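J.: Supplied in structure tokens, the structure appears directly below.
The values are calculated or read from the model by the stated rules, or taken from the named source; none is laboratory data. Just so it is clear, the model here is predicted, and its values are computed rather than measured. As a convention, Cβ positions derive from the backbone with ideal geometry for all residues, glycine included, and neighbour counts pool all protein chains shown.
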Amino acid sequence: MSREELIRRYVDTILERRRDITREELLRMIEERKREARVSEAYREVWAVFSIANELGVRLEEVSLEKEVKIGNIVSGLTNISTRGRVIAILEPKEVESNGERIPITRVILGDSSGWCYLYLWREKAGLLKELNIRPGDVIRVSRAYSKEGRLGTVEIHLGNMGSVSKAEESLDMPARELFFKRLGDVGYSDSVVNVKATIAGVSELKTFTDPRGGEGTVRRIVLAEGDVRIPLTLWQEHSGKISEKDVFSTVLVAGARVRRGLSGSLELELDALGHLEVVGGAGGLDYSTISKIGSGKPVNLKLYMLKMFSDSVVSVGGRLRRFMDVIVSDGESYAVLTAWNSFAERLKQIGEGKKVCFLNLVPKRWGRQVLLSTASVTTIVGVEEGMPSLKVPEEVYRLSELEPGLRRIHVEGVVSSKPEEQEIVSASGERIKTCRFNLVDDTGLIEVVAWRENTGKVSWLAPGRSIRIKWCNVRERGFGGIRLEVTGDSEVEEIGVEQ
């Protein structure tokens, strides 16, 4: 039954039961109501007809729909529905509890040329798909079902005691299964629930959590990729165990994924109990970039040599303590500083210096000549190889005029121009902290150098007029637009121009 035939049947039903209204008046009322609709264009006319019918006391949901209805024409509140569609996905079977009874339920994502919906099979009907050997990709006919509104505006059709399901013949008007899956680049914020086909470009570690009822659950984040488009997908509960690092580069079908805006404002997807995940293709391959070609922001894949690992540090981020470790890395031509967070820091320590590590989804940031890299929740290590013994840690020295906030693990040279001044300051928590400060100059400018706590001993011995090199220091903001050099626990301070 086409949309036009459906609307005509509903209009005729209203006119039969309200003979005080002419067809012209009814059609005008429907057109006016359509302009008030806040539903999608696909359902606007059907919604307007049902809205007017309700005001006029006519129950259209009782109208017989024995003739097949296109899925895109089904709205909430219908009974006695017959439709035909292709099985896009069969979700994990489950049980729901009602009045102490455990009720089995099977859920299907079903589609035709007009759209897709969820199909629910209850109680004894839940086993019909298995009995009939119905699988994803098959065409089925559903008879005597009823419809309800689902989550985020989706439509559900339910099969109760009187309903039935049977296999149907293929037909030219029924799209192939893969046509129900969007390209990743076509997904937008206007979507609420989508089906996509993409390549897995990264897999995070499996994490556990405690839900509000005290139960334990699992979650994992992966990165979906298609060309230059990458979108994170959060996998909840049973889906989180279906994917691991060995599935990187594989092709997946994701059905019933919810579209949301992430904390950073970027588009993300999540898959819960109303979704389906299926690996359909083996590992292919993704391109690896080089340090010299990357910019800021967009995640990159890199093969990096681990040249020098620094000691662990702890920092407070959003009120939570996070552990990190900096590593000097190289792709064989250029160098960068990689910050590995939490478990990644421990994993890199186990791998050790000198090895070549294949990373997916590192987050880059460029500061002038320096490239900073960072691991993220979806960063994945997909391989470890032997290193390049001839590759050495860089000894490049920055001039003071080249410094800017954010540079990390760099070398500077200059002359001490003021006597190091030691003092104690009191932090906001009441802690007494020892500091040591002095000024350093070269032929391009002057900068303050500061050391904290036990690091003060690295600079307190200096005297004005001495030429020094500070290795592995950081550049921080100071006051309004100013900067300073920070001597860390990994920094080395040495006098130059004299015999060692």
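J.: Starting from residues that are assigned to a strand (DSSP E or B), over 25 Å from the mean Cα position of the chain (by Cα) and polar (S, T, N, Q), keep the ones in the range 313-356 and report whichever is modelled with the highest pLDDT.
T.: Per the stated criteria, the residue is Ser330.
J.: Tally time: how many residues in the range 357-373 are surrounded by 18 or more Cβ atoms within 10 Å (Cβ to Cβ), under 18 Å from Asp326 (Cβ atoms) and either touching a residue at least 40 places away in the same chain (Cβ under 8 Å) or touching a Phe, Trp or Tyr at 6+ places or on another chain (Cβ under 8 Å) (or both)?
T.: Filtering the range 357-373 down to residues surrounded by 18 or more Cβ atoms within 10 Å (Cβ to Cβ) leaves 357, 359-362, 364, 370-373.
Imposing the further condition that a residue be under 18 Å from Asp326 (Cβ atoms) reduces the set to 357, 359, 362, 364, 370-373.
Subset that is either touching a residue at least 40 places away in the same chain (Cβ under 8 Å) or touching a Phe, Trp or Tyr at 6+ places or on another chain (Cβ under 8 Å) (or both): 357, 359, 362, 364, 370-371, 373.
Number of matching residues: 7.
J.: From the list Gly256, Gly295, pick out the single residue that is buried (at least 20 other Cβ atoms within 10 Å of the Cβ) and small (Gly, Ala, Ser). Even if it seems obvious, please write down each step before you answer.
T.: Numbers: Gly295 fails: buried (at least 20 other Cβ atoms within 10 Å of the Cβ).
Among Gly256, Gly295, only Gly256 is buried (at least 20 other Cβ atoms within 10 Å of the Cβ) and small (Gly, Ala, Ser).
J.: Given the residues Leu348, Leu391, which is the only one that is among the aliphatic types (A, V, I, L, M), touching a Phe, Trp or Tyr at 6+ places or on another chain (Cβ under 6 Å) and not assigned by TED's automatic domain parsing to the domain that holds Val441?
T.: Numbers: Leu348 fails: touching a Phe, Trp or Tyr at 6+ places or on another chain (Cβ under 6 Å).
It is Leu391.
J.: Let me ask you something else. Among the residues of the range 25-54 satisfying the criterion of being among the charged types (D, E, K, R) and surrounded by 13 or more Cβ atoms within 10 Å (Cβ to Cβ), which is modelled with the lowest pLDDT? If you could, list the steps in order and put the result at the bottom.
T.: Residues of the range 25-54 among the charged types (D, E, K, R): 25, 28, 31-36, 38, 41, 44-45.
If we keep only those that are surrounded by 13 or more Cβ atoms within 10 Å (Cβ to Cβ) as well, we get 33-34, 44-45.
Values: Arg33: 88, Lys34: 85, Arg44: 78, Glu45: 82.
The residue in question is Arg44.
J.: Of the conditions (1) within 29 Å of Asp191 (Cα to Cα); (2) without any contact (Cβ under 8 Å) to a residue 12 or more places away in the chain, Glu278 clears all except one; give me its number.
T.: (2)
J.: Can you list residue pairs whose Cβ atoms sit under 9 Å apart, with the first residue in the range 18-32 being not aliphatic (A, V, I, L, M) and the second being not in a helix (DSSP H, G or I)? Count only pairs 6 or more apart in sequence or on different chains.
T.: Note: pairs meeting the criteria are Arg18/Leu56; Arg18/Gly57; Arg18/Val58.
J.: Looking only at the range 467-488, count every residue that is surrounded by 15 or more Cβ atoms within 10 Å (Cβ to Cβ) and in a loop (DSSP other than H, G, I, E, B) and tell me the total.
T.: So the answer is 1.
J.: Residue by residue through the range 100-144, note down the ones that are small (Gly, Ala, Ser), outside any helix (DSSP H, G or I) and free of Cβ contacts under 8 Å to residues at least 24 places away in the same chain.
T.: As a first pass, look at the range 100-144 and keep what is small (Gly, Ala, Ser): 100, 111, 113-115, 126-127, 137, 143.
Filter once more, so that each one left must be outside any helix (DSSP H, G or I): 100, 111, 113-115, 137, 143.
Gly100 - this is the single residue of the range 100-144 that is small (Gly, Ala, Ser), outside any helix (DSSP H, G or I) and free of Cβ contacts under 8 Å to residues at least 24 places away in the same chain.
J.: Considering only the range 470-498, state which residues are more than 14 Å from Leu400 (Cα to Cα), under 38 Å from the mean Cα position of the chain (by Cα) and aliphatic (A, V, I, L, M).
T.: Val487
J.: Just to be sure I understand the filter: pairs with C-beta atoms under 9 Å, separated by 6 or more residues or on different chains, first member in the range 304-320 and closer than 19 Å to Gln350 by Cα and of a type in the set (Ser, Thr, Tyr), second member at pLDDT below 85 and surrounded by 10 or more Cβ atoms within 10 Å (Cβ to Cβ). Which pairs pass?
T.: Every condition considered, no pair remains.
J.: Can you tell which of Val155, Val108 is at pLDDT below 90, closer than 21 Å to Glu270 by Cβ, buried (at least 18 other Cβ atoms within 10 Å of the Cβ) and hydrophobic (A, V, I, L, M, F, W, C)? Can you show your working first?
T.: Working: Val108 fails: at pLDDT below 90.
Only one candidate qualifies: Val155.
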